[in-house]
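These notes are about the structure you will find just below.
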Amino acid sequence: MCDVRQTGRRFEPDVVRKDFPALNQCDAEGRSIVWLDSSATTQKPQCVIDALVDFYTHYNTNVHRSYYEWGQRATEVYEGVRDRLATFIGASCPEEIVFTCGATEGLNALAEIIGQRYFQPGDEVIVSELEHHANQIPWQMQQKKRGIRIKGWTLDENGCLDLKKLDTLLTKKTKLLSVSHLSNVLGLVPPIKEIVDRAHVNGTLVVVDAAQALAHVPINVKDLDCDFLVGSSHKAYGPGGAGFFYGKRALLEELPPHHGGGTMMETVTVDSFTPAEVPFRFEAGTPPVADIIGFGAALDYIRQFDWSDLLAQEDAVVEYAEKTLSSLPFVHLVGNPPQRTAVVSFLVDGLHSHDVAGLVCDKNIALRAGYHCCQPLMRRLNCPSGVVRASFGMYNTCEDVDRLAEALEYAVNVFKK
Ligand code: PLP
């Protein structure tokens with residue numbers, strides 16, 4: 001496998017934006033939409049839409065079991081995505097990639113298969129306060145089911161994860177730690193490598209939730225040495241309904257399947273089965289073939305750019321948003337990470353977060369308000385009405401930020417009247 005992440009199309013946000021047809025629509029007043037909700041879901045480039053249409057128009061079929069040409073082609077393209085995804089995240093081999101329907105499914109699957117194999121009553125699992133509910137509730141379910149104990153890793157006053165605090169939480173009983181690679185609220189990127197190293201010294205497995213990070217942070221699972229990692233297609237310019245989890249091959253081979261059905265088995269009798277090899281052991285039933293093929297097109301799309309150029313430009317827009325928003329006297333940024341990546345959350349004086357999100361719609365701005373599936377974090381931040389979140393993608397520009405600032409002025413003035 002070769003890493004073709006930098007094939008050298010120059011990254012120019014204004015040009016790139018034209019690749020996303022949904023962003024090229026205008027409202028009745030001729031204004032294009034300012035999409036600042038990419039943490040919820042990203043817009044899709046034309047090549048992703050084309051890949052879906054091509055699949056359904058020309059070779060719609062199931063994978064892995066057909067002799068006819070369409071089936072062979074679908075299998076080849078589908079398995080090609082596994083190869084490219086393995087390359088993209090630096091996995092050792094495609095067998096370390098298990099396809100899922102999204103990050104939530106990936107985290108639930110991991111909690112169940114790891115739980116079945118490793119958890120004993122009294123074992124401890126560390127989960128940070130930063131986490132999305134998708135990285136909290138599956139572990140809480142294991143707590144109920146297997147008598148493990150969840151220990152919360154609290155945030156410091158800046159909304160960051162303190163490694164010294166982690167050292168006090170790790171004990172002989174700590175089987176696993178699960179942490180986000182990029183917070184969907186604070187834009188914080190925790191020091192994952194240091195976290196993994198500390199956990200491993202203690203004999204603790206590490207799951208990384210990279211649902212947000214995949215499109216915004218270069219990921220190399222070999223360098224990170226994390227045991228498992230979860231990602232999602234629709235947050236990385238691909239279709240909804242597809243995602244994956246990564247696991248070190250030796251670990252995956254020790255783990256039992258969590259769902260029964262076709263593909264995941266080798267042999268079946270009326271009262272027993274033997275599981276298939278990895279990764280198929282964890283892919284029971286018909287997978288979301290079209291969506292995974294679309295995910296592959298999204299990876300190809302991202303990989304055509306110089307990655308460092310793309311991320312530097314995205315960071316520059318986020319930095320401009322931080323500066324612009326914090327210069328507005330009625331706006332208060334939430335959290336204080338050393339650097340914000342892809343996300344800026346804030347509060348507006350005198351306005352409920354939902355009112356802000358509603359009022360800026362008048363200016364054709366799409367952003368999100370509320371708890372963002374992070375109720376423990378909202379409690380820690382003391383934000384009972386949630387926060388307003390502007391989240392960025394490769395297609396956002398400084399002009400989008402200027403339009404947001406104008407829309408916020410407008411929202412505050414509507415309230416004053
Ligand atoms: N983890 C994080 C950090 C998220 O932000 C999200 C979605 O917002 C998820 C997990 C769940 O992802 P999915 O929509 O793919 O299930």
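The values are calculated or read from the model by the stated rules, or taken from the named source; none is laboratory data. Just so you know, these numbers come straight off a predicted model, no measurement behind them. Positions of Cβ are generated from backbone atoms using ideal geometry, with glycine treated the same way; all protein chains shown enter the neighbour counts.
So the values come out like this:
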| read-out | value |
| --- | --- |
| Members of region 380-417 that are of a type outside the set (A, V, I, L, M, F, W, C) and free of Cβ contacts under 8 Å to residues at least 60 places away in the same chain | Asn382, Pro384, Ser385, Gly386, Glu399, Glu406, Tyr410, Asn413, Lys416, Lys417 |
| Phe55 crowded, with 18+ Cβ neighbours inside 10 Å, within 26 Å of the chain's Cα centre (by Cα) and under 29 Å from Ala390 (Cα atoms) | no |
| Flag if Gly203 is out of contact with any helix residue (DSSP H, G or I) (no Cβ under 9 Å at 6 or more places or on another chain), more than 15 Å from the ligand (Cβ to nearest atom) and on the phi < 0 side of the Ramachandran plot | no |
| Region 153-200 - residue that is modelled with pLDDT of 95 or more and either outside the structural domain of Val125 (by TED's automatic domain parsing) or of a type in the set (S, T, N, Q) (or both) and, of those, nearest to the ligand (Cβ to nearest atom) | Asn184 |
| Of all residues making up region 162-188, the number that are within 19 Å of the chain's Cα centre (by Cα) and aliphatic (A, V, I, L, M) | 6 |
| Condition broken by Asn135, with the remaining ones in (1) farther than 20 Å from Met264 by Cα; (2) away from the ligand (no atom under 15 Å from the Cβ) satisfied | (2) |
| Any hit, region 303-321, residues being farther than 22 Å from Tyr237 by Cα and within 16 Å of the ligand (Cβ to nearest atom) | no |
| Residue ID - surrounded by the fewest Cβ atoms within 10 Å (Cβ to Cβ), chosen from residues in region 371-394 that are within 13 Å of the ligand (Cβ to nearest atom) and either among the basic types (Lys, Arg) or closer than 30 Å to Gly30 by Cβ (or both) | Arg389 |
| Enumeration of residues in region 114-129 that are touching a Lys or Arg at 6+ places or on another chain (Cβ under 9 Å) and either within 16 Å of the ligand (Cβ to nearest atom) or aliphatic (A, V, I, L, M) (or both) | Ile114, Val125, Ile126, Val127, Glu129 |
| Every residue from region 269-323 that is of a type in the set (Val, Ile, Thr) and either part of a helix (DSSP H, G or I) or touching a helix residue (DSSP H, G or I) at 6+ places or on another chain (Cβ under 7 Å) (or both) | Val278, Val289, Ile292, Ile293, Ile302, Val317, Val318 |
| Count - residues of region 206-230 that are small (Gly, Ala, Ser), touching a Phe, Trp or Tyr at 6+ places or on another chain (Cβ under 8 Å) and near the ligand (Cβ under 8 Å from one of its atoms) | 0 |
| Elements of type strands (runs of 3 or more DSSP E) in region 162-258, at least 2 residues being surrounded by fewer than 24 Cβ atoms within 10 Å (Cβ to Cβ) | 174-180, 205-209 |
| Test: Ile148 is buried (at least 16 other Cβ atoms within 10 Å of the Cβ) and either of a type in the set (Phe, Trp, Tyr) or away from the ligand (no atom under 16 Å from the Cβ) (or both) | yes |
